[in-house]
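Report on the following structure.
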Amino acid sequence: MKPEQIKIVKKTWKILMGVDPKIIGDAFYSKLFSDQPSIRKLFPHDMNQQYTKLVDMLSSIIMNLDHPYIVSPGIIAMAKRHSGYGVKPIHYAMVGNALLWTLKEGLGTEWNQDIEEAWTSWYQTLAEAMIQNS
Ligand code: HEM
C-alpha cells in the first residue's frame, strides 16, 4: 500500500465510523449472504454481536496501519481462529466484494477511483496475510 492510500483508508473509515455499526454490519452481511447464501451457515443465528466485533476489529487494524506490513500477532491469531470457523481461502474474495460494496454504499457520492484502489489494496494485503497464516 502506498502512503497516500493509507491516508485515504483512514480518512474514509473515520467518515463511516459516524454511522451506527449495526447499520454497516447489517448492510455488509445482507450483501454477503444474498450473494453467497452458502456462507450463512458458518455464522451464528444471532448476528448482532458480530456487527460490532467486525467493525471494532476493522477499526483496530486500520488505526495501526502506519507500518508497511499489516501482519501483526493479532492478525495471525485471527487467521487461525477463522480456519477453525471453517473459513477457506476462496471465501476471502467473497467477503472482500461485500466489504467494498458496503464502503461504496456508505460513502455515496464521496466514493471515487482512488478510494476504491486504496481499499482494494488494503483488503488484498489483509486477506493474503490471513490466508497465508491460516
Ligand atoms: C479478512 C478480513 C476479516 C476480518 C477483519 C474478520 C473479522 C472477524 C471478527 C473480528 C470476528 C469475531 C471473532 C474473532 O475475532 O475471531 C469474526 C468471526 C467470524 N468470521 Fe470473520 N473476518 C474476516 C474474514 C472472514 C471471511 C473471509 C469469512 C468467511 C466467510 C469470515 C467468517 C467469519 C465467521 C464464520 C466468524 C465466526 C462467527 C461466530 O461463530 O461467532 N470472516 N471475523
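Taken together, the values in this text are just the output of simple stated rules run on the coordinates, not laboratory data. Since we're looking at a predicted model, the values are computed, not measured. Methodologically, a virtual Cβ is constructed for each residue, glycine included, from the backbone with ideal geometry; neighbour enumeration extends over all protein chains shown.
Some observations on this one:
- Near pairs, Cβ below 9 angstrom, 6+ apart or cross-chain, from the range 80-102 (more than 21 Å from residue 44 (Cβ to Cβ)) to any residue that is among the β-branched types (Val, Ile, Thr) and more than 7 Å from the ligand (Cβ to nearest atom): 89/131; 96/120; 100/120
- Subset of the range 34-49 that is near the ligand (Cβ under 6 Å from one of its atoms) and loosely packed, with under 15 Cβ neighbours inside 10 Å - its residue that is farthest from residue 85 (Cα to Cα): 44
- Listed conditions (1) within 23 Å of residue 2 (Cβ to Cβ); (2) hydrophobic (A, V, I, L, M, F, W, C); (3) more than 9 Å from the ligand (Cβ to nearest atom) are all met by residue 27, apart from (1).
- Among residues of the range 75-96, those that are farther than 16 Å from residue 128 by Cβ and part of a helix (DSSP H, G or I), counted: 3
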